[in-house]
Amino acid sequence: MNRNLMKEVKEALNNKRQVANLVNALTRMRDRRREAVARFAFKDFAELKEIRRRNRLDVRRNIEKLREAVENSGGFFFLADSPEDACRYIADVVARSSAKLVVKSKSMTSEEIGLNSYLESIGVEVVETDLGERIIQLAGERPSHILAPAVHRDAASIAGLMAENLEPSPKAITRYVREDLRRFFLNADVGISGANVISAEDATVAIVTNEGNERLVSSIPRVYICVAGVEKLVPSMRDALALLRMLVPSATGQVISSYVTFISPRSEGFGRTREFHLVLVDNGRLKALDGLLAETLECIRCSACFNVCPTYRVLGGHVFGHIYTGPIGLPWTAVTHGLEKAYEFSSLCISCGLCKVECPVDIDIPFMISVIKERGNGMYGEAAPLLLRNYDKLIEIGAKMPRLSNLILNSKLGRYVIEKLAGIDSRRKIPPLASENLYSLSRRMGQRIRNPIRKAALFTDYLLMYMFPEIAMAAVKVLNRMGVYCVVPKQGSSGMPLIQYGYLKKASKTARYNISRLLPFVREGYDIVCLEPTAWYCLKEVYPRIVEEKEEAEAVAESSFTFSEYLLLHGFNEPSSGDGLKLAYHWPCHARERNVVKPKSVELLERLGHEVMLADVGCCGMAGTWGMRNGYKGYETSVTIGKTLIESLEKTKAQFFITDSTVCYLQIRELADPRKTLHLYQLLDKPF
Amino acid sequence: MTDAVSRFVSNATAAGSEVVELKTLGECFKRVVEVLQVEGVKHVSVQPSSATAPLYEMLRGMGYNVVSPAAGIKPLSVVEAGISPAELGIAETGTVVVATDSEAARLVSALPLINIILLDKSNIIESLVDAHRWVRGFISKGYAVSFITGPSKTGDIELKMVKGVHGPHRVLVFIHES
């Protein structure tokens, strides 16, 4: 591997100004986007998914349709297998027209194929005209974000790039760029742009911008070249507009961009026919159609996933990316630049799953990233050390002799050894193993319930099972009070760390085991109540994808509920005595659902008479074992992410910080005031 | 119908277009001249169409340097205001659809700092997706089609909105009766 990722992570985290710029900007983009897509109904998203699925399945047919339409309208069409093919074709067109100056409108595909440096190497001047791209070009950098390429820089650092003594305000810089770029627009011989969508039957490229630079790029020069990936193809103008209707709000949070420019070979230039070239780039895409990364091609490049990715939000796209950046950038990199380049930064994905929740096309980005890790493990490295991969066995053995285990966990030498062997950072507090696990504790405590109205089998994961069984018992007591009889079936861990680190075969074994343990209860009419959001996420989202026994997995998934969901569903209502509490709630990533804006747990707490504020910065940064991993492999980034959550919790002035994932609870308890941090189940169990 | 017009007005306004509802095309022309005077415009371009033909003559008569899109890029580049007839308005997004018979004429709405768009009330449709029929029709005739919704702008620096990046910083939409 060529990259020293840990060094890059360290540098990014030490650039405190950049971390603040990024978190601030991306949170604003996220909120703007959420507001904009709120007007869409479930069926709008379903239609978009269906369009993109069809586009993907029909891409080969649409390529032929487009070729015919372009050639019949007097344009030139070229399907490039590789970046070299695409660059060579474009360079030939440029050379034939004796062009000295090329103006460009934003195109990630041209970044993918390295077009600028190719053209520069044959003596052509290339000028980027999108403001963000221009900044990046002058800085000699790569775009760190597909939508806002210079999001990592502030006005002061940008003004310095442009001219001496330029006022460091967005307005002054923009005025300067307008004047400065005019001469290039007016004298360019060739204009090159990307595409947001291409209608095959009309041979028409559609480009959305707010700046209007693509209008000058495509209209003034004698030769126009569009370079785009094959995934941009849709069969018809109707599909194109349906896609744009969803793309713009998902990207910038606008209803629509200032401009949508339709460019076809049919329109005339200045008094003569303009040369129109459409270069479609394959570069691994068509091959990917038949594999587990196929869904990548449904991406509409809105960058919604960037806004919520906890590690991207603090590290930025120069670390979290190769040429393509951000969460979806991982599968894009694997498809277009190869597995190794993707694997190199894949450890930055912590499998929070927020990207999938935010994606308007419902692309299973976290699963594809797990696949990338799985394929790269063994070949280019290991995503987790051997001991960490066997964390479940370690906990099981440790829990057999909790006293001894805790002695080791509490000793400096013990922690040193654990850091060396399992890569767990010594600074991280590890919760002690309970003297009695949940199986035994629940048997011993028994249940106070006479005529149960429902029966629930609890799926808990290992933190509650072996380290915090008393928190699980608090949940049992609450369930008992509403007339639910609980059992704790013999079960394994959720397997999330295996999924997270890309050990999918092993995860599949764990999944099959858990399904086999839970299914008999489902068949006997039990509900599966998951005491950890992650446990629920595994049953619902992941197991059906990684086991062969799809029907069984679906049967268990269908009967599975989160704790709060279950309580709401069955009318739990115990109004708090007095005025209720002022609470700040942290929403665990794995409890989130698409297009749901209010957490079930908040609904529940409000029903009980509490005042609840949502501290909505996103992930807490713990991500299971990842936040425990030593140094820049996890801990440092985890704490940086966690601190933004703590700030937002503290800002609420709430009496207690509440969450219902034990992993998040650990992170908050460690970084905030532990006396103010409560697990939801503890709160519900105690009379307040 | 009126519903669509009011939705158009509110969405276009929200996007930063300055929308004025007027009665006749003649009133629109009067307003155009007012804007040109207030802004101190001397060089103007009018996208040719049957609707704008009288305006073209009118402005020439008033001593404006009226540049034809066919005149070439150098004369066009000094134009301070462009006047474009819209083919369609889209209520859902507050968008106007401009179709020009050449790429050169597209620049009338792209190069100057001010863009005034004339829109016939009866050409306002409800939904963005429904516009596909018209867009297809124009393209098949060799027209260059543009959707315009508010001024040229950017949020590329610190996500702060600045108007007038490469295109107009003012977009005015004058709606008139048929």
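Read-outs throughout are calculated quantities, based only on the coordinates presented, and are distinct from any laboratory measurement. These numbers were taken from a predicted model, which means no experiment stands behind them. All Cβ positions, glycine included, derive from the backbone under ideal geometry; neighbour counts span all protein chains shown.
The packing ranking of peptides A:536-549, A:657-670, highest mean first, is A:657-670, A:536-549, where packing means the average number of other beta carbon atoms within 10 angstrom of each residue. Taking label points 7 Å from Cα along the Cα-to-Cβ direction, residue A:222 and residue A:524 give a separation of 8.3 nm.
Label zone (residue A:273, point 7 Å along Cα-to-C-beta; backbone nitrogen cut-off 11 Å) within segment B:61-77: none.
Each part gets one Cα centre, and for segment A:620-676 versus segment B:148-178 those centres are 42 Å apart. With a Förster radius of 35 Å applied to the beta-carbon distance between residue A:597 and residue A:454, the computed FRET efficiency rounds to 0.75. A simple spin-label model places the labels of residue A:53 and residue A:2 3.9 nm from each other, with each point 7 Å out along Cα-to-Cβ.
Build a GNM of chain B with springs between Cα atoms under 10 Å: which of B:124, B:83, B:157 gets the top mean-square fluctuation? Result for chain B, Cα springs under 10 Å: B:157 fluctuates most.
Say R0 is 45 Å: what FRET efficiency, to the nearest 0.05, do residue A:435 and residue A:17 get from their beta-carbon distance? It comes out at approximately 0.40. The residue among A:433, A:416, A:465 whose Cα reaches farthest toward the positive pole of the charge dipole of segment A:414-493, with charges on the beta-carbon of Lys, Arg, Asp and Glu, is A:465. Taking 7 Å steps out from each Cα toward its Cβ at residue A:675 and residue A:100 produces label points 7.6 nm apart.
In order along segment B:160-175, phi translates into HN-Hα couplings of 8, 6, 10, 8, x, 6, 10, x, x, 8, 10, 10, 10, 10, 9, 8 Hz, rounded to whole numbers, per the Karplus curve 6.51 cos²θ - 1.76 cosθ + 1.60 with θ = phi - 60° and x for Gly and Pro.
Using a simple charge model, +1 on the beta-carbon of Lys and Arg, -1 on the beta-carbon of Asp and Glu, nothing else, what dipole does the protein assembly as shown show about its Cα centre, in debye to the nearest 20?
Working: 109 positive and 98 negative charges, 479 e Å.
Charge dipole, the protein assembly as shown, about its Cα centre: 2300 debye, nearest 20.
Highest mean packing first, where packing is the average number of other Cβ atoms within 10 Å per residue, the peptides A:476-487, A:31-42 line up as A:476-487, A:31-42. Note on the protein assembly as shown: semi-axes of the ellipsoid equivalent to its C-alpha gyration tensor, largest first and rounded to whole Å, are 55, 29, 25. Estimated from the Cβ-Cβ distance and a Förster radius of 22 angstrom, the FRET efficiency linking residue A:60 and residue A:82 is about 0.80.
Counting Cβ atoms of other protein chains within 10 Å of each residue's Cβ and taking the mean over peptide A:247-257 gives 4. Note on the protein assembly as shown: helix-only mean residue ellipticity at 222 nm, from DSSP H runs of 4+ residues weighted -39500 (n - 2.57) and normalised by residue number, equals -13500 deg cm²/dmol.
Which residues does a label at residue A:10 reach in segment A:382-418, if reach means a backbone N under 13 Å from a point 7 Å past the Cα toward the Cβ? Counting only backbone N, you get no residues. All alpha carbon pair distances within segment B:1-129 were sorted into 10 Å bins beginning at 0; the resulting P(r) in whole percents reads 13, 44, 34, 10, 0.
Listed by chain and number, the lysines placed with their C-alpha closer than 22 angstrom to that of residue A:643 are A:7, A:10, A:16, A:429, A:582, A:633, A:651, A:653, A:676; residues fewer than eight positions away on the same chain are left out.
Available extension along the chain between residue A:490 and residue A:179 is 104.8 nm, counting 0.36 nm per residue and deducting the alpha carbon span.
Which residues in segment A:409-437 have a backbone N closer than 19 Å to a point placed 7 Å from the Cα of residue A:400 along the Cα-to-Cβ line? Only A:409, A:433-437 fall inside the zone, counting backbone N under 19 Å. HN-Hα J couplings of segment B:99-109 from phi, Karplus 6.51/-1.76/1.60, θ = phi - 60°, integer Hz, Gly and Pro as x? Rounded to whole hertz, the list is 10, 10, 7, 8, 5, 4, 5, 4, 5, 4, 9.
Hey, what D do you get for segment A:571-654 in µm²/s if you plug the Kirkwood alpha-carbon radius into Stokes-Einstein at 10 °C and 1.306 mPa s? In µm²/s, the coefficient rounds to 111.
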